[in-house]
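S.K.: Before I ask anything, here is the structure I am working with.
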Amino acid sequence: MADDPKRFLRYLEAERNASLLYRALAETVEGDRREALLELASIEDEHAAHWIDKLESNGVAVPPAPTVLDPSDAALVARARGAGFADVLADLEEAEGAGAGMYDAEPEAPDSMSQDEREHIEVFRQMRTGAPTLQPSRSAMRGEHWHRTDKSGSTRAAVFGVSDGLVSNTALVMGFAGASPGNSTILFAGLAGLLAGAFSMAAGEYVSVASQRDLFRREIEMEARELREKPEEEAKELELIYRAKGLDRQSAAEVSRRIMENPETALDTLAREELGLDPSELGSPIKVALSSFIAFAIGASVVVIPYLFFLGPDASTTVPLVLAIALALIAMTVVGGIVGRLSGRGVMFSAGRQLLWGVGAALVTYVIGRLVGIQLG
């Protein structure tokens, strides 16, 4: 019942559980995403404090705060730890959306509380898609600095291109080194692997980004057609989007009306708000392909460089091998740490994972090369 103060218990429980969940999830990430989750938890704590005051003023006993996640939240945190935080963002966005209107008909809830809950949806949506949206008002969303979005895809291609080139060519060179041929043969194999891998990566990235760009253009063209054929429906969609962001019905309708007055502005806004696309930044296939080629080549060259200085019949085969291994280990640690920083998974975790898989692949190919070398003679 609307006049029953015990209803505040349900609100308090929801806010406390949300705070506990966000703090648990914050332990699975580092950097800006961790800060954002802790800020969201603090906002939930403020909401909980409001309901505690209401309960106490109405003489209702306040239950102790939970210290253990409920089963569904615990499963979500376990997924975040195992598969990565990005794997649970859609669930968080959906859960926040389900409870977004919880306070709309609650006279004891401040207007800011409903707005906060809707902004939480926006935070998780932006974390998941990187879509440009209206700037939220609370400090948890200040500057939205966790995005680091690279709309062209070139940064992503460069980072992972270095990683792929480093691991694959290290494994290739170690395989040949295990077979104990001359340094010139190992150098030739390394250079061949570098060029073949770099061209393959560049071609793959070009086709991938070009296809994605074509798909995005088609979606924008379909949106433009809908804007021409059903402007009233599109205006209503914009109004609903801004109402979900916290604007009241009248303000949302006014914003929508003004945007729809200019067809170009309307299309740009609908593409951003409804599709999560920036029409001016759909990705550059050539730029991504070039970044991928150069990055793969840089990563692949790490284990090749030492062999450039040890050619000839009397050159040592041990020294370049040791140098190649040392350089590869250092490079894997650095690249893994950078990937962890960019992904929010954690620098130490990602560096360790990069080392584990890189060293594992190199050991396997070295052993196989050694066995093949012994068999051949």
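S.K.: On a 0 to 90° scale, report how tilted helix 231-244 is relative to the longest principal axis of the chain, with both axes built from alpha carbons and the result rounded to the nearest 10.
M.R.: Between helix and principal axis, roughly 90 degrees.
S.K.: How much length would be gained if the chain were fully extended between L329 and L38, taking 0.36 nm per residue of separation minus their Cα-Cα distance, in nm to one decimal?
M.R.: 101.3 nm
S.K.: For the chain, with a Gaussian network of springs between Cα atoms less than 10 Å apart, report the residue from A105, A326, A362 with the top mean-square fluctuation.
M.R.: In this elastic network of the chain, the residue with the biggest mean-square fluctuation among A105, A326, A362 is A105.
S.K.: Shifting gears a bit: Taking springs between alpha-carbon atoms closer than 10 angstrom, which of E205, E254, E46 fluctuates most in the Gaussian network model of the chain?
M.R.: E254
S.K.: Here's a follow-up. Relative contact order (percent) for the range 7-129, with alpha-carbon contacts under 8 angstrom and 6 or more residues of separation?
M.R.: For the range 7-129, the relative contact order is 25 percent.
S.K.: So what's the back-of-envelope 222 nm ellipticity for the chain, counting only DSSP H runs of four-plus at -39500 (n - 2.57) apiece and dividing by all residues, rounded to 500?
M.R.: -25000 deg cm²/dmol
S.K.: Just to be sure I understand: with springs between alpha-carbon atoms less than 10 Å apart, which residue in P110, P64, P306 has the highest mean-square fluctuation in the Gaussian network model of the chain?
M.R.: Among P110, P64, P306, the largest GNM mean-square fluctuation belongs to P64.
S.K.: If you line up the long axis of helix 111-129 against the longest principal axis of the chain, both from Cα atoms, how many degrees apart are they, to the nearest 10?
M.R.: 20
S.K.: Considering the dipole of the chain built from charges on the beta carbon (Lys and Arg +1, Asp and Glu -1) around the Cα centre, which of P66, S180, A361 is farthest to its positive end?
M.R.: Farthest towards the positive end: S180.
S.K.: Something else about it: When a/c reaches 1.5 or more, the comparison of a/b and b/c decides; with that in mind, is the chain rounded, prolate or oblate per its Cα gyration tensor?
M.R.: Oblate shape, in that a/c is at least 1.5 and b/c is the bigger or equal ratio.
S.K.: Moving on. Helix 249-260 versus the longest principal axis of the chain: what angle, 0 to 90°, nearest 10, using Cα atoms?
M.R.: Taking Cα atoms only, the helix is inclined about 50 degrees.
S.K.: Count the lysine pairs in the chain whose Cα atoms sit under 27 Å apart, keeping only pairs 8 or more residues apart in sequence or on different chains.
M.R.: Value for the chain: 6.
Any read-out appearing in this document is the output of simple, stated calculations on the displayed coordinates, not a laboratory observation. Small disclaimer: the values here were computed from a predicted structure and weren't measured. Note that we place each Cβ from the backbone using ideal geometry, even for glycine, and neighbour counts take in every protein chain shown.
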